Every structure is written in structure tokens, then in C-alpha cells.
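Student: Below: one structure in C-alpha cells.
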Amino acid sequence: MFKIGFADYYLNNWHADHYPGFLRDVIAQNGLDAEVSSAFGIHRVPPEGGLSTEEWCRERDIRPAKSMEELVESSDAIMVIAADNALWHEEVCALPLRSGKPVFVDKTFAPSLAAARRMFALADAHRTPVFSSSAQRFCQDILDYQAAHPERPRFVSTVGPHSLDRYAVHQLEPIVALMGVGVRRVKAFSVGSQVTQLILDYGDGRLASFMQTPQPFAEFNFMVSDGETGRRLVSDDRNFYHNLAKAILDFFLHGICPVDRAETLEIMALIDAARVARLHPDTWFELE
């Protein structure tokens, strides 16, 4: 039985609450010999209150590990969650990335490009396979479009909710998945202190636009065009979480990595650039 461990900053959060179920659904649907076996949170109880590690594990029939060392030792692969605490991903990942066992790191991979490089370097030093992704990359419409259009589109437009640090990855992941790496420069426009509007210039006539509003219930909207025609790619949570769970299990069990790290690093560079560009609207910034 292949054992999957959950590591988190604290366990009672939306992603940790739901990903065991997504994985178990895919395991059952595909008859896989795998299980979500154990979990450990660096903090036993969420700072704002909620279920303790023991209570969370009891509700999900998962064994609470007594330490991160025990979790890593007893698992064949590790899920690092802390989706809303990316600032501490290096801390949560410290032992998993030294394990030599496959590791999935939930969005956003790191708090900065520099941290992302350190994390990949740590994984490489210990021969630890690792990947990270937003679930939005695995929208069925995006996967179907990629299968039918091997050529890169000329334009992608995204709209989405929440803040730059927590949710930008959900728009940048589809842009980079569809357009590839190679953004040359980024410009922000002054449309409000809580709104981020960007143009991403690939330098070859291809462009992507990004507009993020703090309205938490704004729907994700992805548009793609080859320069002649265009279409909307639907963000549908009835499929993308299970599609990502299937990709994670393929990675854990078969070593199939669905996301090139160059794309993850480009996303981190774009978030870094957006932070700076927002302070200097209408100015182009070269991407590191």
C-alpha cells in the first residue's frame, strides 16, 4: 500500500480539509493501491481557532503523526498544503524536500522567486522529485484546448478574485500553461489600490492580460485567442480538483511530473514583478 502523508502549517483549512477526499475519490475510481495515511501540522491548532490536529485526523480517519520526522519517515510521498500560508512553505517543506520522496507543494509554491529557487535547490540536493500547481491549470476546458491546439495562442485574458499574494497564481498558472514561459516585461495600470491589472508582453507579438479584483466571489474567467478567433475556457470546480488529484497520484505512483519547474519559476517571477509594477503604474518592468 502506497502511503501519502499530509504536511501543513496547521491542518484545519479548506485545502487540507478537502484534498484527502479528492485523492480518495480518484484512488477508488482507478483502483489504485494507495491511501492517505497520516498528517502533521507544525501548529496543532489554527491561530484563529478550529480543529486540533487530533480532531482533524479523527474526522478523516487519518493517523496523526507526532512529528514532521515521523510523517516523512512513515510516508511514501508527501503533500505539503499550507495553501493560504505560502509565506511559511519553506518551513513546512524543509524536511519533505530532504526526504528523497515525491513531494507535491500546494499553491502558491513559494513567497518569492528567490525562495522558490532555494526550495528547488534543496530538493535537487537530496534528489527529491517535486512539483507545484494551482488547480486552475487542470480545468477540463484548458486541458481539452491544449490537446486540440498544440500551437501556443497569441492572446490570453484572465479575470479573478482575491489578493495578489494569495490568488494571483490561479490566473498566472493558466496563462503560463497556455502561453509557455518567456514573458519579457510586465506593466501594471493604476485602476485602484485593491485592484491589479497587468499586461504581460512576450516580446514576439503575444500578450496576456490579467485583472484581479478583491471581490471574493468574482468568478474566474479565461479567454484565449489565436489572433483570428477566440473562446472562453470555463473554470469548473466540478472537474479541476479531481483532475489535479489524478495528476498528483500519477506523479507519486509513476513519476509523471505534469508541470515543468521553469513554468513554476516564471509564475513566481511574475508575482514578484507584479508587486513592484503596482507601485509604479504605466511603467514596463523587465522580468527577472
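Student: Please give the number of the condition ALA116 fails out of (1) touching a helix residue (DSSP H, G or I) at 6+ places or on another chain (Cβ under 6 Å); (2) within 19 Å of LYS3 (Cα to Cα); (3) not in a loop (DSSP other than H, G, I, E, B).
Tutor: The single condition ALA116 does not satisfy is (2).
Student: Can you list the strands (runs of 3 or more DSSP E) lying wholly within segment 153-243 that have 1 or more residues being surrounded by 15 or more Cβ atoms within 10 Å (Cβ to Cβ) and free of Cβ contacts under 8 Å to residues at least 60 places away in the same chain?
Tutor: Numbers: elements: 155-161, 185-189, 196-201, 207-213, 221-225, 230-233.
Fully inside segment 153-243 and qualifying: 155-161, 196-201, 207-213.
Student: Go through ASP124, ASP144, ASP165 for me and flag whichever is of a type in the set (Asp, Glu), closer than 18 Å to ALA247 by Cβ and out of contact with any helix residue (DSSP H, G or I) (no Cβ under 7 Å at 6 or more places or on another chain).
Tutor: Going through ASP124, ASP144, ASP165 in turn, the sole match is ASP144.
Quick grid of which residues meet (1) over 24 Å from the mean Cα position of the chain (by Cα); (2) assigned to a loop (DSSP other than H, G, I, E, B):
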position	(1), (2)
ILE4	no, no
LEU11	no, yes
ALA16	no, no
VAL26	no, no
GLU35	no, no
ALA39	no, no
PRO46	no, yes
GLY49	yes, yes
TRP56	no, no
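Student: Residue by residue through segment 244-260, note down the ones that are of a type in the set (D, E, K, R) and either in a helix (DSSP H, G or I) or crowded, with 20+ Cβ neighbours inside 10 Å (or both).
Tutor: Scanning segment 244-260 gives LYS246, ASP250.
Student: Assuming TRP88 fulfils every condition listed in (1) free of Cβ contacts under 8 Å to residues at least 40 places away in the same chain; (2) within 15 Å of the chain's Cα centre (by Cα) apart from one, which condition is it?
Tutor: Only one criterion in (1) free of Cβ contacts under 8 Å to residues at least 40 places away in the same chain; (2) within 15 Å of the chain's Cα centre (by Cα) is unmet by TRP88, namely (1).
Student: Sticking with this structure for a sec: Looking at segment 64-73, is at least one residue out of contact with any strand residue (DSSP E or B) (no Cβ under 6 Å at 6 or more places or on another chain), more than 20 Å from VAL45 (Cβ to Cβ), in the same structural domain as ASN13 (by TED's automatic domain parsing) and not in a helix (DSSP H, G or I)?
Tutor: Within segment 64-73, none of the residues are out of contact with any strand residue (DSSP E or B) (no Cβ under 6 Å at 6 or more places or on another chain), more than 20 Å from VAL45 (Cβ to Cβ), in the same structural domain as ASN13 (by TED's automatic domain parsing) and not in a helix (DSSP H, G or I).
Student: Follow-up question, since we're still on this one. Please state which of the following conditions LEU270 fails to meet, knowing it meets all the rest: (1) exposed (fewer than 12 other Cβ atoms within 10 Å of the Cβ); (2) at pLDDT 95 or above; (3) in contact with a strand residue (DSSP E or B) (Cβ under 9 Å, 6 or more places away or on another chain).
Tutor: Looking at each condition in turn, LEU270 falls short on (1).
The values are calculated or read from the model by the stated rules, or taken from the named source; none is laboratory data. Quantities reported herein were computed from a predicted structural model and do not represent experimental measurements. No Cβ is skipped: glycine too gets one built from the backbone with ideal geometry, and neighbour counts run over all protein chains shown.
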